[in-house]
Structures are given as C-alpha cells and as structure tokens.
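The values are calculated or read from the model by the stated rules, or taken from the named source; none is laboratory data. A quick note: this is a predicted structure, and the numbers were derived from the prediction, not measured. As a convention, Cβ positions derive from the backbone with ideal geometry for all residues, glycine included, and neighbour counts pool all protein chains shown. Accessible surface is based on the protein model in full, side chains and every heavy atom, while ligands, DNA and RNA are left aside. Shrake-Rupley method; radii C 1.70, N 1.55, O 1.52, S 1.80 Å.
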Amino acid sequence: MTGRYPVVCHRELRPRWRWSAWRERRHPLIAGRGEVLVYVVEGAFTTEPADPARCTAVTLVDVRPEHVSACWELTASGRDWDFPVTVTFRCTVVDPAAVARSRLTGGSPWDVQHVLAQDPRPSRLMRVHPVGDEGGLRLALTALLQARPAHQDIAGVRVNRVEVSVGPARARVDDEA
C-alpha cells in the first residue's frame, strides 16, 4: 500500500480566479481501475458525473479492498522484553461519498492506517504474558479484536481482521546509552 488509503487525491475547484484553477480544470482527475471520483456539488457529495461549472471539489477514492497492517510493541510480564505484534486488516470502501465527506468535513477519521495504528486496546495486554507465550498473546489479541476489529468507526470503510502475528519476545533496547 502506498500513500493514504482510501483517498488517493483531492482537488478544490473554487474559486475560479486562482492561478492553479486553470491547470486543475485543464488536467482533471481521472479515475482508474478500482477508483471512483466523488464530486462536491453545492454541498452535496455524489459519485455521478457532475457539471464542472457547479463542482467545488473532487476527490479520487480507491475502492479496491486493501490489506492494512498495524504494529505494536507489547511488553512481556518480565518488563525487559517486548513482543513485536502485527495485526493485518482487510479494508473495503463501501461508501466513497462518506469517505470524501469525512475527508473534507473532518467529522470522522478517514486515514485508515493511522486510525488502526492508534488503537489503544492492545495496550491492555501489556505485562500480561510471560516471555515464550507468543501463542497465548496471539489468542488474547484475536479475542480482543473479534467483536470489533477497528476501535472506532471509519466513515465509508468496512474493516475485517485477517491475521494476528506475534513474533518471539526480544530484549528491550534502551536509548540511554
């Protein structure tokens, strides 16, 4: 995955007298395979082609399913050891207009990878499992994320947990040296 998923690009199309407005209208965004253009017309978000004179913004949204990973370092019960944990999610855009709306209004998060990496729930398992109990930590994380894979709703995106991987515990390296 490159860049931020699912918003590929966004362009404001007003006011018309800006220098870059001419370039933006001359070279419009074009949706490729698995991408959708979402237009803002008089405050409404639509995926239907709109009159360019009435559009105020356009957002290119990637609607292909994407695997997104979030990584954490969870401390073992021995305090000097960390488990590297990676959880992989399958994200699918189900409503591109909702994604574009959340991107423009700021009402809900739209950067899927950032939201998944900020999940506070794995920190509940800090200092719970001893060194060598990778399987127990994997089962505990799987159970923790079973009912609700994402800790908060992401507008227009369905999130499913795919895999939880826990590496062997490794000694913590302090940066004080």
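Put simply, the amide H of HIS129, placed in the peptide plane, has neighbours under 5 Å in SER77, leaving out anything fewer than 5 places away on its chain. Across the chain, the longest run free of exposed loop sites, meaning trypsin sites (Lys or Arg not before Pro) lying outside DSSP classes H, G, I, E and B with no more than 10 other Cβ atoms within 10 Å, spans 80-177.
Where [x] 42, 16, 12; [y] 29, 17, 14; [z] 34, 23, 21 are the candidate values, the label of the one calculated here for semi-axes √(5λ) of the Cα gyration tensor in Å is [x]. Seen from ASP62, the other residues with C-beta closer than 11 Å to its C-beta sum to a net charge of +1, counting Lys and Arg as +1 and Asp and Glu as -1. Entry comment: accessible area of the chain is 57 Å² per residue, from protein heavy atoms only and a probe of 1.4 Å.
For the chain, leaving out every one of the GluC sites (Glu not before Pro) that falls in a DSSP loop and has at most 10 other Cβ atoms within 10 Å, the longest unbroken run is 43-175.
Fully extending the segment from ARG4 to ASP153, taken as 0.36 nm per residue of separation minus the present Cα-Cα distance, adds 51.9 nm. Note on the chain: dipole from Cβ charges, positive end direction compared against GLY167, GLN152, VAL85; the farthest Cα belongs to GLN152.
The calculated FRET efficiency for the pair THR142 and ASP80, based on their C-beta separation and a Förster distance of 35 Å, comes to about 0.85.
Apolar share of the accessible surface for the chain: 51 percent from carbon plus sulfur atoms, 1.4 Å probe.
Calculated mean residue ellipticity at 222 nm for the chain: -6000 deg cm²/dmol, from DSSP H runs with n ≥ 4 weighted as -39500 (n - 2.57), summed, divided by the residue count and rounded to 500. The ellipsoid equivalent to the alpha-carbon distribution of the stretch 112-177 has semi-axes of 26, 16, 10 angstrom, derived from the gyration tensor eigenvalues as √(5λ) and listed largest first. Count Lys and Arg as plus one, Asp and Glu as minus one, and take only other residues whose Cβ is under 9 Å from that of LEU144; the net charge is then +2.
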